[in-house]
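Undergrad: Sending over a structure as structure tokens; questions will come in a sec.
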Amino acid sequence: MVKIKVPQKIKIATHEYRVEFNPLIRHEENLTGSANHLRQRIQVDPLIAPSQKLVTLLHEVNHVISDVYSCKLGEDEIDKMAQGFAELLADNFNLQFDWSDIKELSL
């Protein structure tokens, strides 16, 4: 198994998004992450399982890519792509993701 650190910042096109944990994500709305384009932040719930953290990060990255490149992907397509990429990386490349560098949102 190859361990890869999740980066604190992800660059997409000319935009640099900070990746951070947010324990206050609205669970009642069934959210596990969010992408804020104005503040250029991708937030992930730190309390979910590691495999779900990866799917959530990829889901939010897909939103950013869709918006930046005007792909106009719907929520269903974004979900399926995130799950597919997570399975591809975990099952075929034998990757494990290390979240230790990701900091919690400063309130």
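The values are calculated or read from the model by the stated rules, or taken from the named source; none is laboratory data. These figures come from a predicted structure and were not determined experimentally. Cβ placement follows ideal geometry from the backbone for every residue including glycine, while neighbour counts extend to all protein chains displayed.
Undergrad: Can you pull out every residue in region 63-78 that is surrounded by 14 or more Cβ atoms within 10 Å (Cβ to Cβ), more than 11 Å from the chain's Cα centre (by Cα) and assigned to a helix (DSSP H, G or I)? Before you say what the answer is, go through the steps one by one.
TA: As a first pass, look at region 63-78 and keep what is surrounded by 14 or more Cβ atoms within 10 Å (Cβ to Cβ): 63-67, 73, 78.
The next check asks that each one be more than 11 Å from the chain's Cα centre (by Cα); those that pass are 65-67, 73, 78.
Within region 63-78, ILE65, SER66, ASP67, ILE78 qualify.
Undergrad: When you go through (1) at pLDDT 95 or above; (2) within 22 Å of PHE93 (Cβ to Cβ); (3) assigned to a strand (DSSP E or B) one by one for LEU54, which number turns out not to apply?
TA: It fails just one condition, (3).
Undergrad: In addition: Can you spot a residue in region 36-51 that is among the hydrophobic types (A, V, I, L, M, F, W, C), surrounded by 12 or more Cβ atoms within 10 Å (Cβ to Cβ), in a helix (DSSP H, G or I) and touching a Leu at 6+ places or on another chain (Cβ under 8 Å)?
TA: First pass over region 36-51, keeping only residues among the hydrophobic types (A, V, I, L, M, F, W, C): 38, 42, 44, 47-49.
In the following step, the residues that additionally are surrounded by 12 or more Cβ atoms within 10 Å (Cβ to Cβ) were identified as 42, 44, 47-48.
Those left that are additionally in a helix (DSSP H, G or I): none.
No.
Undergrad: Same structure again: I'd like the full set of residues that are touching a His at 6+ places or on another chain (Cβ under 8 Å), among the hydrophobic types (A, V, I, L, M, F, W, C) and in contact (Cβ under 8 Å) with a residue 24 or more places away in the chain, limited to region 54-103.
TA: Selection gives VAL64, VAL68, ALA82.
Undergrad: For residues that are more than 10 Å from the chain's Cα centre (by Cα) and under 15 Å from VAL19 (Cα atoms), tally how many sit in region 29-40.
TA: 5
Undergrad: Let me ask you something else. What number goes with the only condition from (1) in a helix (DSSP H, G or I); (2) of a type outside the set (A, V, I, L, M); (3) surrounded by fewer than 19 Cβ atoms within 10 Å (Cβ to Cβ) that GLU60 does not pass?
TA: Going through the list (1) in a helix (DSSP H, G or I); (2) of a type outside the set (A, V, I, L, M); (3) surrounded by fewer than 19 Cβ atoms within 10 Å (Cβ to Cβ), GLU60 breaks only (3).
Undergrad: Check whether at least one residue in region 19-37 is more than 23 Å from ALA90 (Cβ to Cβ), of a type in the set (Lys, Arg) and without any contact (Cβ under 8 Å) to a residue 24 or more places away in the chain, and report yes or no.
TA: Yes, region 19-37 contains a residue that is more than 23 Å from ALA90 (Cβ to Cβ), of a type in the set (Lys, Arg) and without any contact (Cβ under 8 Å) to a residue 24 or more places away in the chain.
Undergrad: Which one of these is closer than 19 Å to LYS11 by Cα, outside any helix (DSSP H, G or I) and not acidic (Asp, Glu): PHE85, PHE97? Don't jump to the end; show me each part of the working.
TA: On the way: PHE85 fails: outside any helix (DSSP H, G or I).
Only one candidate passes the filter, namely PHE97.
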